[in-house]
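The values are calculated or read from the model by the stated rules, or taken from the named source; none is laboratory data. Bear in mind the structure is a predicted one, so any value in this text is a computation, not a measurement. Here the Cβ positions follow ideal geometry from the backbone for every residue, glycine too, while neighbour counts run over all protein chains shown. The accessibility values were calculated without ligands, DNA or RNA, using every heavy atom of the protein model including side chains. Shrake-Rupley method; radii C 1.70, N 1.55, O 1.52, S 1.80 Å.
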Amino acid sequence: MTSRTVTSSGVARRGLRFGAVAVTAALVAAACGGASDAEPLDPADAADRLEELASDIDWVDNPITRSASIPPPSGADLANTLPPIDEFELIVDSPLPSAIEIWASTEKSGTGTDAWMTEVAEEFNRAGITLADGSPAAVDLRRIASGTGYQFIARGQELPHGFSPSNELWTAMASEFQTMTEIMPSTVSNVAGIVMKDETAEELRATYGELTPENLVDAVIAGDLVMGYTDPFASSTGLNFLLTVLSSIADGDESQLTSPDVASVFEQFQRQVPFVALTTLQMRDSVERDTGTLDTFVMEWQTYTNTDSLRDGFEFIPFGVRHDNPLHAVGELTAAQTEALELFAEFAQRSEYREKAEEFGFDPPAFTPRVEAPSGRTLIDVQNVWKDKKDGGRPVATVFVVDVSGSMEGTRILTLRNAMQSAREFIKPETKVGVVEFNDTAQKRLDIAEFDLNQQGRYAAIAEDLSPFGGTAMYDGIVLGLSMLDAERTANPDVKPILVVLTDGQTTDGLRFGDVSQMIEGLRIPVYTVGFEADLDELGRVSSLVEAASIDATEDDVEFKIAALFNAGG
């Protein structure tokens with residue numbers, strides 16, 4: 001792997017002064033990729049092109065004239081939206097009823113180079129290992145993101161016997177809700193790192209010297225660096241990065257991680273952040289499509305070393321706590337269940353599985369962390385700081401572009417309706433919201449306005465009244481929604497605009513991707529797409545134009561995915 005450079009400088013203590021800090025750095029997150037071959041228009045030309053397109057398309061001003069009753073809020077809590085646990089694959093399923101179930105993070109419980117624990121579990125079940133009483137030992141392995149697994153454990157309705165997240169931060173948080181007993185502190189080694197283009201690293205060294213995470217935070221604040229990171233409610237790397245940034249601001253003082261002064265500086269750091277990726281694997285998939293948009297982003301070593309597009313010209317700088325994939329027992333287990341977990345952990349340390357770990361990329365550079373994991377309660381508060389300050393104090397304006405074409409008939413329109421209602425719970429009242437519908441014609445249904453009770457009632461009525469028919473002019477709907485947001489941004493230049501498209505992606509009428517791609521890139525308004533049995537390649541191209549996410553939603557998981565999207569995006 002030539003041209004790969006590893007900077008293992010650790011985390012040096014250094015503080016940022018509290019007070020007014022001018023933050024001019026934009027954070028570009030992972031759902032990136034140059035989906036359009038043509039050069040984007042500059043912002044002024046993009047606005048002109050938008051105006052031309054908006055005047056050319058057929059659209060109707062059809063405002064909603066009624067309000068619907070609003071259900072009592074259930075609380076904007078991701079745990080309340082969790083789908084059935086069976087939505088997360090049981091990738092190793094033993095036939096033995098006595099098998100213990102382990103939830104493992106996705107980078108080690110998948111397929112291909114993400115299959116290290118998958119293969120260990122399969123071999124363990126074939127090995128004929130027995131417990132002290134002579135009964136067979138076996139495991140089931142469920143593939144689930146660390147943050148999602150933690151949310152299930154915190155809710156307490158479905159619990160595994162064992163939990164192996166990417167790092168110790170999640171088990172510390174889980175211990176605030178369940179008894180967590182360490183079985184093994186490290187099943188396989190990994191580290192999180194900042195990945196940077198070589199030319200960017202050379203430029204920064206000329207100004208900042210050693211590329212410690214703290215100096216990179218300074219570079220972002222100074223406007224000298226554009227970088228992306230992942231959602232700290234879902235991603236181990238994102239949570240680790242958030243902890244590292246707050247620790248830098250607090251000069252390493254754990255007692256100050258969530259203090260008002262630290263939160264104030266962090267809010268300014270976030271001020272121009274448009275979006276963060278939901279997971280590290282989403283970031284990997286985006287980077288594999290195209291690395292042209294991002295200079296710097298966060299990623300685990302195992303993901304970095306297995307991403308072909310990073311094979312040349314990038315540098316990896318470890319940060320934060322180690323990602324050593326601990327294994328903990330969850331709750332009060334029987335002696336036999338605990339013994340089975342211990343036997344599995346011992347089995348995973350056999351030499352052939354150490355060699356397999358290195359083959360799959362779990363061979364990180366030497367790294368001694370200088371950021372210590374705080375208590376679980378403090379980490380929960382750290383997440384809440386991010387949730388409160390992630391918009392950087394900027395007002396948010398969101399326009400929903402909703403597909404009511406004939407192809408949405410049946411379960412798709414029901415799922416879309418649930419998506420809209422779920423999103424309502426996660427939209428702050430001070431956020432401004434508008435709605436566009438489209439079939440073969442785009443319709444403005446709700447002008448942009450603050451999401452107070454009156455606006456929520458109108459929004460809920462639109463969701464209730466969705467009636468699919470006709471063709472699909474998705475890009476006409478996108479143009480109308482962008483036109484509304486651009487007008488809002490003109491009136492209030494500080495606004496953070498967001499477009500959310502809910503569709504099956506089957507465009508049959510009106511404009512096409514090539515008609516709008518340069519304009520969307522030039523406007524720099526992120527277009528998030530939520531697909532319902534959709535053409536995800538098409539939706540992914542749209543979202544990747546301005547570093548947004550494209551997600552696939554089903555009837556069972558739509559509420560959770562929409563909640564996660566709004567929790568991360570604004």
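Can you name the residue in region 432-451 that is part of a loop (DSSP other than H, G, I, E, B) and open to solvent by less than 40 Å² (accessible area, probe 1.4 Å) and is also farthest from Arg49 (Cα to Cα) among such residues?
Residue satisfying both the conditions and the ranking: Phe451.
For region 525-544, how many residues are in contact (Cβ under 8 Å) with a residue 12 or more places away in the chain and either open to solvent by 10 Å² or more (accessible area, probe 1.4 Å) or out of contact with any strand residue (DSSP E or B) (no Cβ under 7 Å at 6 or more places or on another chain) (or both)?
8
Hey, among Thr507, Thr503, Thr529, Thr554, which residue is at pLDDT below 95 and over 25 Å from the mean Cα position of the chain (by Cα)?
Result: Thr507 is the single residue among Thr507, Thr503, Thr529, Thr554 that is at pLDDT below 95 and over 25 Å from the mean Cα position of the chain (by Cα).
Please specify each residue of region 59-90 satisfying the condition of being assigned to a loop (DSSP other than H, G, I, E, B), at pLDDT 90 or above and open to solvent by 50 Å² or more (accessible area, probe 1.4 Å).
Asn62, Pro63, Thr65, Arg66, Ser67, Pro84, Glu89
Limited to region 452-469, what total is found for residues that are outside any helix (DSSP H, G or I) and either crowded, with 22+ Cβ neighbours inside 10 Å or more than 28 Å from the chain's Cα centre (by Cα) (or both)?
Residues in region 452-469 being outside any helix (DSSP H, G or I) and either crowded, with 22+ Cβ neighbours inside 10 Å or more than 28 Å from the chain's Cα centre (by Cα) (or both): 4 in total.
Quick check: anything in region 427-443 touching a residue at least 12 places away in the same chain (Cβ under 8 Å), out of contact with any Asp or Glu (no Cβ under 8 Å at 6 or more places or on another chain) and closer than 24 Å to Leu82 by Cβ?
The answer is yes, given that some residue of region 427-443 is touching a residue at least 12 places away in the same chain (Cβ under 8 Å), out of contact with any Asp or Glu (no Cβ under 8 Å at 6 or more places or on another chain) and closer than 24 Å to Leu82 by Cβ.
Please verify whether region 112-123 includes one or more residues that are more than 19 Å from His323 (Cβ to Cβ) and part of a loop (DSSP other than H, G, I, E, B).
Within region 112-123, not a single residue is more than 19 Å from His323 (Cβ to Cβ) and part of a loop (DSSP other than H, G, I, E, B).
Only one residue in Ile498, Ile478, Ile525, Ile520 is β-branched (Val, Ile, Thr) and over 21 Å from Ile427 (Cα atoms), so which one is that?
Ile520 is the lone residue from the list that is β-branched (Val, Ile, Thr) and over 21 Å from Ile427 (Cα atoms).
Mind checking which pairs have a first residue in region 253-270 that is free of Cβ contacts under 8 Å to residues at least 40 places away in the same chain and a second that is among the hydroxyl-bearing types (Ser, Thr, Tyr) and in a helix (DSSP H, G or I), Cβ under 9 Å, 6 or more apart or different chains?
Short answer, once both residue conditions are applied: Asp253/Ser247; Ser255/Thr378.
Given the residues Thr508, Thr472, which is the only one that is open to solvent by 10 Å² or more (accessible area, probe 1.4 Å), of a type outside the set (Lys, Arg) and under 22 Å from Ser543 (Cα atoms)?
Of Thr508, Thr472, the one residue that is open to solvent by 10 Å² or more (accessible area, probe 1.4 Å), of a type outside the set (Lys, Arg) and under 22 Å from Ser543 (Cα atoms) is Thr508.
Which of the residues that make up region 112-130 are among the aliphatic types (A, V, I, L, M) and open to solvent by 10 Å² or more (accessible area, probe 1.4 Å)?
Ala127, Ile129
Please tell me if Asp93 is open to solvent by 20 Å² or more (accessible area, probe 1.4 Å) and free of Cβ contacts under 8 Å to residues at least 40 places away in the same chain.
When the stated conditions are applied, Asp93 does not pass them.
Please enumerate the residues belonging to region 479-495 that are out of contact with any Leu (no Cβ under 7 Å at 6 or more places or on another chain) and either open to solvent by 10 Å² or more (accessible area, probe 1.4 Å) or part of a helix (DSSP H, G or I) (or both).
Selection gives Leu480, Met484, Ala487, Glu488, Arg489, Thr490, Ala491, Asn492, Pro493, Asp494.
Among the residues in region 114-132, are any under 21 Å from the mean Cα position of the chain (by Cα) and at negative phi?
Taking every residue of region 114-132 in turn, at least one turns out to be under 21 Å from the mean Cα position of the chain (by Cα) and at negative phi.
Can you tell me which residues in region 545-570 are of a type in the set (Val, Ile, Thr) and surrounded by fewer than 23 Cβ atoms within 10 Å (Cβ to Cβ)?
Once the filter is applied, which keeps residues that are of a type in the set (Val, Ile, Thr) and surrounded by fewer than 23 Cβ atoms within 10 Å (Cβ to Cβ), region 545-570 yields Ile551, Thr554.
Out of Thr200, Thr207, which single residue is free of Cβ contacts under 8 Å to residues at least 24 places away in the same chain and among the polar types (S, T, N, Q)?
None of the other options fit; the residue is Thr207.
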